Each structure stands twice: as structure tokens, then as C-alpha cells.
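Student: Once you've had a glance at the structure underneath, I'll fire off some questions.
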Amino acid sequence: MIYWDNNATTELKAEVLDAMLPFLKGRYMNPSSGYAQAKSVRTAIEQARQHVASLIGACPGEIIFTSGATESINAAIATMHRLSPDKPLLCLSTDHSAALSALSTISRDAGTEILGNGVNQQGTALLDEWGHHLSSAPAGATFTWGNNETGVIQPADEMVRMAHDRHIPVHVDAVQCLGKIPVNITGIGAEYASFSAHKLHGPKGIGALYVRAGVHFLPFISGGDQEDGRRGGTENTAGIVGFGEAARLALRNLRQNAENMQSRRNRLEQALLSDVPGIRILSSETSRLPNTSSIYFDGCTAQALSLLLEPQGLLCSAGSACKTASPHPSHVLTAMGLSDEEARNCLRFSISELTTNEELETGIRLVIEAVKRVRSVQSSKTGPVTVYQP
Ligand code: PLP
């Protein structure tokens, strides 16, 4: 199998599994219990918190473990809304559905106005518009720093600085950045930021919410005193330990891994550009995550291509995994000015640090063959390739 869908999720590293297993078997004690064995589980949680904090340039006390980035994002946006319920909320039109759905729920329930900031054709936030929206004094702003579909990296420093000039708190969805680019959340200065372990070879169902020291946070999940009273519920101990180990490993090799991914991603794009006519690399003129390539294929739907690639063992996606079942074209690509039809012809390849050169060369060959096959069906007057979906 050649797995090029790492923005959807990543393979659990063997070291991470090894670190987790003792907490599913022998060391299953509730970390809040009073005996020594439980206290050693608590110690492991605090070590993991330290590792995650080091990876994002934060202090351990600023990390709240959650069930994943979706919960973290919902919690941060809910706090900003609850602190100023009568004001609008600001986001980017290309944000992940975790933020967009949270915002539309608030809008539906409370009548809150949602300001959706546009992007240019490369997918970068329009900063003039951002400044304009900020002047209407929203309760808070949120944006996806590294886009999951195109890999576009937003100018986070500038966007946060502009918001802070007007004393507006900011949440940053940094899920896709972790393990791919250096993340110094303290340097960026945002009040809140969301992270997920399963995008950096950690387990699913565990994430983190960063809340800058001294910043207001209203718990989203009430219960016991876990996470310093900020997130109730018995801790997902094995998940937290796995997240910590994934963060430790990511930090150790960050620069080298990023360089390797970028050179492989570039090789993929150059090979396709030279051998496949009628393709376009999206967002190639702006800053992108080193592992992500979203490509427009003239005359081929992403669905037809992936249907041919899957039986050959190459797994990739048209866009966000959360939206695979949706009949609508990607909101990210249409926000960048692509027509619905163009958006349906875009395939996303997202490699990882585990992608090998051999996989890369095989994958390139498979994509070239698949494009030729789809186009030959189209030109044989069989008509456009459509996929029947019951
Ligand atoms: N934000 C972005 C940019 C993502 O890519 C994802 C995952 O698909 C999420 C948020 C949601 O993360 P999780 O699966 O941990 O809830």
C-alpha cells in the first residue's frame, strides 16, 4: 500500500504504540487515585504534557488534553463567544469544518453573525479584508494556520498581531502544522490553539487545547477536577502518553523530516508536471506545508482518478476526509476561485516522513497511468467518466 493521505490521518509509530501499551495493560490505574501506582500514571501524563508543550513552544500548564482537535476548536470558539455573546465571530472561508460547523451552530442557536474572511487565488487570507472585519470588533477570530486541503500556510503572526491591535482574542487551528513546520505558539501570541495527535503519528481520539497563561477559558466539558478543572472526565491515559511520545519524536527530527518531505513532494510535482499535460499545482506560489500537494487534472475528476488508484494500492483523497461523503465541491477550492467543476478535478496527495523514495516513484507512475486511462475513456467518446453512487 502507498499511503498518500496523511493529512487525513497518519500511521501510528511503533515507538508510540510501545509507549502506550503499558497504560492499557498493567498501568491502567486512574491517575486521580491516591495510591503510588496511580501517582506514577499521573507522572507519565505530566511528562507527556511536557513533551507536547516543548513541541509547540508553550509551558506545560498551558496545555489541556482533549478528545481531539474538534473538541479543542469547539471549546476555544465557545469560550470566545460566551465571553462576548452579542458580538460577531470571525473566521476564514477556507477553515476546517470543525471550526465552520462550531460557528454555524452558534449562529443558529444564538443568532451570532459569522464573518467569513476571503482568500486570494493562492488560498492566502486577504489581509485588508481581515483588518476590515476586525474593525467591527468581533468577540474573537479563528483561522486554520496550515490548510488541510491545499497545505497553504497563513501569515499567522500578522493575522494575530492585527487582531491584538484591536484587543480581539484569536484561536489558531494548528493541527496540520504540527510535526511539519516549527510551531512556536508563544511567539505567535494567540490566546488559544488546537492540536491533534493522529496527524503526527500519534493515536486518534486525543488532542490538546493551548490556552495562553492568564487567558480566560470557560470549560466546555464539566465534570471532575481533571486538567486543572478545565476539562472534566477521566484522562485518556494511553492516548496522552502516545501523544507525548509522538511529540517527542517529532521534535527530535523536525527539520530533517520537513526537508525530506519537501524534497519528495517537489519530486512528485516536477515528475507530474513534466509527464502529464493539463495539470496545475494549487497554491504553488505561496507558502505551503512541506508534505501537501493539491493538483488540478484537466479532464479527470478526482473521484475517477482515485477509483483507479485505489485498487493499485495508492490511497489519496479529493480533499478533507471529513467531507468525503459530501456531494458538494470543496469549500476551500471554491473560495480560491475554482469553479465547481475545477474543484471536482483536484486530487490531494499528502505524504509523511515515513514515505519512501521507492513508494514515491511507484506512486508517480500509477498517477501518470491513471490520468492517461481516464483521459483515453473521455476521448473515446464514451462520454465523461461519472461514478455511480447509490
Ligand atoms: N483541523 C484540521 C485542519 C484538521 O485537518 C483536522 C482533522 O481532520 C481537524 C481540525 C480535526 O481534528 P480531530 O480529528 O483531532 O478532531
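Every residue, every condition in (1) surrounded by 15 or more Cβ atoms within 10 Å (Cβ to Cβ); (2) touching a residue at least 24 places away in the same chain (Cβ under 8 Å); (3) more than 14 Å from the chain's Cα centre (by Cα), yes or no:
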{"site": "Arg212", "(1), (2), (3)": "yes, yes, yes"}
{"site": "Val215", "(1), (2), (3)": "no, yes, yes"}
{"site": "Pro219", "(1), (2), (3)": "yes, yes, yes"}
{"site": "Ser222", "(1), (2), (3)": "no, no, yes"}
{"site": "Gln226", "(1), (2), (3)": "yes, yes, yes"}
{"site": "Arg231", "(1), (2), (3)": "yes, yes, yes"}
{"site": "Glu235", "(1), (2), (3)": "yes, yes, yes"}
{"site": "Ala238", "(1), (2), (3)": "yes, yes, yes"}
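Student: Out of Gly116, Gly111, I need the residue that is in contact with a Cys (Cβ under 8 Å, 6 or more places away or on another chain) and among the small types (Gly, Ala, Ser). Which one?
Tutor: Sole residue among the options that is in contact with a Cys (Cβ under 8 Å, 6 or more places away or on another chain) and among the small types (Gly, Ala, Ser): Gly116.
Student: Would you mention how many residues in segment 306-347 are at pLDDT 85 or above, assigned to a loop (DSSP other than H, G, I, E, B) and among the aliphatic types (A, V, I, L, M)?
Tutor: Adding up the residues that qualify gives 3.
Student: Looking at (1) surrounded by 23 or more Cβ atoms within 10 Å (Cβ to Cβ); (2) in contact with a Lys or Arg (Cβ under 7 Å, 6 or more places away or on another chain), which is the only condition Ser97 fails?
Tutor: Answer for Ser97: the failing condition is (1).
Student: Shifting gears a bit: Is segment 169-178 home to any residue that is within 13 Å of the ligand (Cβ to nearest atom), farther than 26 Å from Ile240 by Cβ and not in a loop (DSSP other than H, G, I, E, B)?
Tutor: no
Student: Looking only at segment 1-23, how many residues end up being crowded, with 17+ Cβ neighbours inside 10 Å and more than 15 Å from the ligand (Cβ to nearest atom)?
Tutor: Going through segment 1-23 one residue at a time, the tally reaches 8.
Student: Can you find a residue in segment 117-134 that is within 23 Å of Asp86 (Cβ to Cβ) and either within 16 Å of the ligand (Cβ to nearest atom) or not in a helix (DSSP H, G or I) (or both)? Working first, answer last.
Tutor: If we filter segment 117-134 for residues that are within 23 Å of Asp86 (Cβ to Cβ), which is where we start, we get 117, 129-134.
After this cut, where a residue has to be either within 16 Å of the ligand (Cβ to nearest atom) or not in a helix (DSSP H, G or I) (or both) as well, the list is 117.
So far as segment 117-134 goes, yes, one or more of its residues are within 23 Å of Asp86 (Cβ to Cβ) and either within 16 Å of the ligand (Cβ to nearest atom) or not in a helix (DSSP H, G or I) (or both).
Student: Return yes when Leu249 is farther than 30 Å from Ile281 by Cα, assigned to a helix (DSSP H, G or I) and either more than 16 Å from the ligand (Cβ to nearest atom) or modelled with pLDDT under 95 (or both) and no when it is not.
Tutor: Working: farther than 30 Å from Ile281 by Cα: yes; assigned to a helix (DSSP H, G or I): yes; either more than 16 Å from the ligand (Cβ to nearest atom) or modelled with pLDDT under 95 (or both): yes.
Judged against the criteria, Leu249 is a match.
Yes or no, residue by residue, for (1) under 18 Å from Gln176 (Cβ atoms); (2) in contact with a Leu (Cβ under 6 Å, 6 or more places away or on another chain); (3) within 14 Å of the ligand (Cβ to nearest atom):
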{"residue": "Ser72", "(1), (2), (3)": "yes, yes, yes"}
{"residue": "Arg82", "(1), (2), (3)": "no, yes, no"}
{"residue": "Lys87", "(1), (2), (3)": "no, no, no"}
{"residue": "Ser101", "(1), (2), (3)": "yes, no, yes"}
{"residue": "Ser104", "(1), (2), (3)": "no, no, no"}
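Student: Within segment 47-58, is even one residue over 25 Å from Gly224 (Cβ atoms), in contact with a Ser or Thr (Cβ under 9 Å, 6 or more places away or on another chain), of a type in the set (Gly, Ala, Ser) and in contact (Cβ under 8 Å) with a residue 60 or more places away in the chain? Full working, then the answer.
Tutor: Going residue by residue through segment 47-58, those that are over 25 Å from Gly224 (Cβ atoms) are 54-57.
This time we only want the ones that are in contact with a Ser or Thr (Cβ under 9 Å, 6 or more places away or on another chain), so: 56-57.
With of a type in the set (Gly, Ala, Ser) added as a condition, the list becomes 57.
With the extra rule that they be in contact (Cβ under 8 Å) with a residue 60 or more places away in the chain, the set shrinks to 57.
Scanning segment 47-58, I find at least one residue that is over 25 Å from Gly224 (Cβ atoms), in contact with a Ser or Thr (Cβ under 9 Å, 6 or more places away or on another chain), of a type in the set (Gly, Ala, Ser) and in contact (Cβ under 8 Å) with a residue 60 or more places away in the chain, so the answer is yes.
Student: Could you go through segment 86-94 and let me know if any residue there is among the acidic types (Asp, Glu) and either farther than 21 Å from Ile168 by Cα or surrounded by 15 or more Cβ atoms within 10 Å (Cβ to Cβ) (or both).
Tutor: Checked against the condition, which is being among the acidic types (Asp, Glu) and either farther than 21 Å from Ile168 by Cα or surrounded by 15 or more Cβ atoms within 10 Å (Cβ to Cβ) (or both), segment 86-94 yields no hits at all.
Student: Turning to a different aspect of this structure: Please tell me if Arg375 is under 20 Å from the mean Cα position of the chain (by Cα) and of a type in the set (Lys, Arg).
Tutor: No, not satisfied.
Student: Another one. Since Gly26 meets every condition but one in (1) more than 16 Å from the ligand (Cβ to nearest atom); (2) at pLDDT 95 or above; (3) of a type outside the set (A, V, I, L, M, F, W, C), which condition does it not meet?
Tutor: Unmet for Gly26, out of (1) more than 16 Å from the ligand (Cβ to nearest atom); (2) at pLDDT 95 or above; (3) of a type outside the set (A, V, I, L, M, F, W, C): (2).
Student: Quick test of your reading of the structure: Thr186 fulfils all but one of (1) touching a Gly at 6+ places or on another chain (Cβ under 6 Å); (2) closer than 17 Å to Val52 by Cα; (3) assigned to a loop (DSSP other than H, G, I, E, B). Name the failing condition by number.
Tutor: Of (1) touching a Gly at 6+ places or on another chain (Cβ under 6 Å); (2) closer than 17 Å to Val52 by Cα; (3) assigned to a loop (DSSP other than H, G, I, E, B), only one is false for Thr186: (3).
Student: Within segment 135-161, take every residue that is within 16 Å of the ligand (Cβ to nearest atom) and part of a loop (DSSP other than H, G, I, E, B) and give me the one that is nearest to Ser317 (Cα to Cα).
Tutor: Among residues in segment 135-161 that are within 16 Å of the ligand (Cβ to nearest atom) and part of a loop (DSSP other than H, G, I, E, B), the one nearest to Ser317 (Cα to Cα) is Glu149.
Student: How many residues does segment 146-162 contain that are hydrophobic (A, V, I, L, M, F, W, C) and without any contact (Cβ under 8 Å) to a residue 40 or more places away in the chain?
Tutor: 4
Student: Mind checking which residues of segment 100-124 are more than 17 Å from the chain's Cα centre (by Cα), surrounded by 21 or more Cβ atoms within 10 Å (Cβ to Cβ) and of a type in the set (A, V, I, L, M)?
Tutor: Passing the criteria: Leu103, Ile106, Val119.
Student: Would you call Ile181 farther than 19 Å from Leu89 by Cβ and assigned to a loop (DSSP other than H, G, I, E, B)?
Tutor: Taking the combined requirement at face value, the residue satisfies it.
Let's see how each residue does on (1) outside any helix (DSSP H, G or I); (2) exposed (fewer than 15 other Cβ atoms within 10 Å of the Cβ):
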residue	(1), (2)
Gly26	yes, yes
Met29	yes, no
Ala48	no, no
Leu55	no, no
Ile64	yes, no
Ser72	no, no
Met80	no, no
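Student: Of the conditions (1) within 16 Å of the ligand (Cβ to nearest atom); (2) without any contact (Cβ under 8 Å) to a residue 40 or more places away in the chain; (3) surrounded by fewer than 24 Cβ atoms within 10 Å (Cβ to Cβ), Asp165 fails just one. Which one is it?
Tutor: Checking Asp165 against (1) within 16 Å of the ligand (Cβ to nearest atom); (2) without any contact (Cβ under 8 Å) to a residue 40 or more places away in the chain; (3) surrounded by fewer than 24 Cβ atoms within 10 Å (Cβ to Cβ), the one that fails is (1).
The values are calculated or read from the model by the stated rules, or taken from the named source; none is laboratory data. All values derive from a computational prediction rather than experimental measurement. Cβ sites come from the backbone with ideal geometry, for glycine too, and all protein chains shown count toward neighbours.
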